[in-house]
Each structure stands twice: as C-alpha cells, then as structure tokens.
Amino acid sequence: MPETILITGGAGFIGRFVTKELLKRGHKVRILDSLIEQVHGDRERPEDLPAEVELIRADVRNGDAVAKSLKGVDSVIHLAAEVGVGQSMYAVERYTSVNDVGTAVLFEKLIEQPVRRVVTASSMSIYGEGLYQDVDGKIVQDARRQVRTSEDEAWDPLDAQGRPLKPVATPEWKTPDLASIYALNKYVQERTTMIMAGAYGMEGVCLRLFNVYGPGQALSNPYTGVLAIFASRLLNGQQPMIYEDGEQRRDFVYVGDVARAFADALELPQANGGIFNIGSGHDRSVTEVAQELARAMGKNDISPGIVGKSRIGDIRHCFCDGTRAAETLGFHADKDFQEGLAELAEWVAVQTADDRVDEARAELEARGLVA
C-alpha cells in the first residue's frame, strides 16, 4: 500500500536515489535536510530532486522542524548524518551531535507521532577490520594492526605468531570493533533505532552500507566516498591519492542498487527487526578501482599516487557477506561495476569540482592523524 515517507537527509546522494525509487513504487516523499555547504554548496534545492517532493530545509536536531516533518507520515527512512571517517576524528562534537543527538531528537518526536517502520542507514565501518581467517582455517573476528615502525613491516594484520591473516567476507554476526568516531556514531544510530522502535510499537530495520558509488555524489567534499574523491582528482588532472600501499580491499555497490534495498527494507514484512549488509559481494583493491575509474574517464595517463602512510581510524580490509540480505530481502546488487563506472564517468564529465583533497590531507596531518 502506498505510504507517505519522510527521508531525513533525503537531498543527499543516496537520498535522491531512494526518493526516485519510492516515487516509482507509488509512495509520496517528504524530505528533511539541512543542505550543508560541504555537501551541497550554495544550492537551495538539488536540481534532480523531483518537483512533487516536499523539501523542508532544517537540521535534524531541530525538534520543531522534525515534528512538523512527521505530520501525516507513515514511515521514515533515516539517512541524515555527517559522513567521513577522517573528519570524524577531529570534528568530534559536530559528528556526534548531528549523528547521535539528531537520531535521538528524531525518536523523541516519534514517541509523539509514531510511524509503522523506521529504516536507518548504518555503515560497514562499525565492523572495524573485516573478518579474517588464519593459516589453520580458524576465523578471526578481532584482527588488529600494529603501528608500522619500518617499511619492512606488513600493512596487513598478523596473528599472534606473526603469520598473515586472510581477509574473508564479513557477515552481520561479526562483533563490532569501533575504530573511528564515525563508526561509533553509526553504531549508536543502529542501537537507538532498535531500542526505540521496539519500545514504542514501531518496526525498525538497519542497513549496513558498504562503499556506495554512482553519479550525483558530492565531488567537492574531500570526506565523501572514495570513488567521488578519485573522480574529483582525475577531473582536475590530479593523481588519485591512495593511503597505505593501495592493496586494501573494499566492496563497491552502486547507488541504484542501494536505493532498491532501502525500498525493499521499508516494504517487506520480513525485514522487521533485521540488520542487513548491503554490498555487491565483490571485493577490489583501492588501487584497482582508481585505475579502472581513470580508464572510464579517459584519464589513462594519470596513475594513482601511493601515499605510503595510514590514517588513524582507517581499516585494512572489509567486504560484504550479503547472505542475510539475499535470503530475507531477496537482495542482490545488479549493476555491473564497469557499467556503473561508465555512468559515473559520464556524469562527472559535465561537472565541475573544487579539489580539496590536499587541504583535507594537510588538516589530518596537522592533527597527527596520518602516520
């Protein structure tokens, strides 16, 4: 049955795709978004936001605005958040206020105006390091890297005997290991959703998103998704900057597939109470991804710049085990990675981007967050 859906943070990259997916399914959408400059520049309304969508420009921490946004709403998709592991490690109050206090304000207002279901965006960052396997085949949930003191030491986690660990796909049952303030924020959002929804007769669902990419991402935000950062550098004729040795592995999932996952998580009865990984199920090295994007953008002559240093809060390997989402939601990422890169490259070609990556790196280094 069609519903009126409130999407907090709905004017953002993922939110606009979720909006279009919900409209396609016959729902009505209202958006609450503060349109912060770091993400949206000076725009009053995203150009690709459908005209029939009501946009309330306000901060999710503004209780009066949240209450107004909830009037007549049947369900909520909660996307509003400050995003970025690196920036979260020094803008601690800002991230914690928007992400955790904002979620608290939302649920306080939901006590007064409860809805059928709340679907909250979580993140693979809550896992810290992904799941590993040692040389004897034993699963290792709590892999940690030692700080490198020489170039001869491994980037990868080792077992107690100094033997290499093999990264394997990470399922939802892995114990969280919160390695950054952003990861802590997202875990708090998860638990707040499940605690409050259950206490007040609502349904709750959380989606742990892996690395989301696609057209429409904020190219001038140096703390956004890595593919958008690479695209911004390449568009400006600069090398994509890669920390460590570039062999860290991630799971990249197309934003259109993610939007479909949100819509299914909102609609399907069996999703209630669930926490689901949303990824492609394919892992790639960061260097490989940078090279493939350069080819897609016709920038084959620009090779990645390997920094050889790590950022505090970063993890080595984490990629998606999507078994639970497949079995419960019927979710599979459909978009071919090369096709998705081609769409991203086509969109980027007609954009302009302020390259702020060097500025962001300098900020992190000045605070001792790059080693």
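FYI, it's all coordinate maths here, none of it is from the lab. Predicted model only: the values in this text are computed from it and were never measured. Cβ sites come from the backbone with ideal geometry, for glycine too, and all protein chains shown count toward neighbours.
What to note about this one:
- The sole residue among E292, E343, E359 that is touching a residue at least 12 places away in the same chain (Cβ under 8 Å), under 20 Å from the mean Cα position of the chain (by Cα) and outside any loop (DSSP other than H, G, I, E, B) is E343.
- Residues that are in a helix (DSSP H, G or I) and loosely packed, with under 15 Cβ neighbours inside 10 Å within the range 295-325 comprise R295, T323, listed in sequence order.
- Scanning the range 8-31 for residues that are closer than 22 Å to V66 by Cβ, of a type in the set (D, E, K, R) and more than 22 Å from the chain's Cα centre (by Cα) returns a single hit, K28.
- Just one of (1) part of a loop (DSSP other than H, G, I, E, B); (2) under 18 Å from the mean Cα position of the chain (by Cα) fails for E247. It is (2).
- Only listed residue being out of contact with any His (no Cβ under 8 Å at 6 or more places or on another chain) and in contact (Cβ under 8 Å) with a residue 40 or more places away in the chain, chosen from L165, L158, L106, L131: L131
- Within the range 182-205, restricting attention to residues that are of a type in the set (V, I, T) and crowded, with 23+ Cβ neighbours inside 10 Å, the residue that is nearest to R94 (Cα to Cα) is T193.
- Matching residues in the range 154-176 - criterion: being β-branched (V, I, T) and either part of a strand (DSSP E or B) or surrounded by 13 or more Cβ atoms within 10 Å (Cβ to Cβ) (or both): V168, T170
- Of the residues G273, G256, the single one that is part of a loop (DSSP other than H, G, I, E, B) and touching a Gly at 6+ places or on another chain (Cβ under 7 Å) is G273.
- Residue list for the range 96-128, restricted to those being hydroxyl-bearing (S, T, Y), surrounded by fewer than 23 Cβ atoms within 10 Å (Cβ to Cβ) and in contact with a Gly (Cβ under 9 Å, 6 or more places away or on another chain): none
Conditions tested, residue by residue: (1) in contact with a strand residue (DSSP E or B) (Cβ under 9 Å, 6 or more places away or on another chain); (2) not charged (D, E, K, R).
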{"position": "L227", "(1), (2)": "yes, yes"}
{"position": "L234", "(1), (2)": "no, yes"}
{"position": "Q239", "(1), (2)": "yes, yes"}
{"position": "E247", "(1), (2)": "yes, no"}
{"position": "D257", "(1), (2)": "yes, no"}
{"position": "R284", "(1), (2)": "yes, no"}
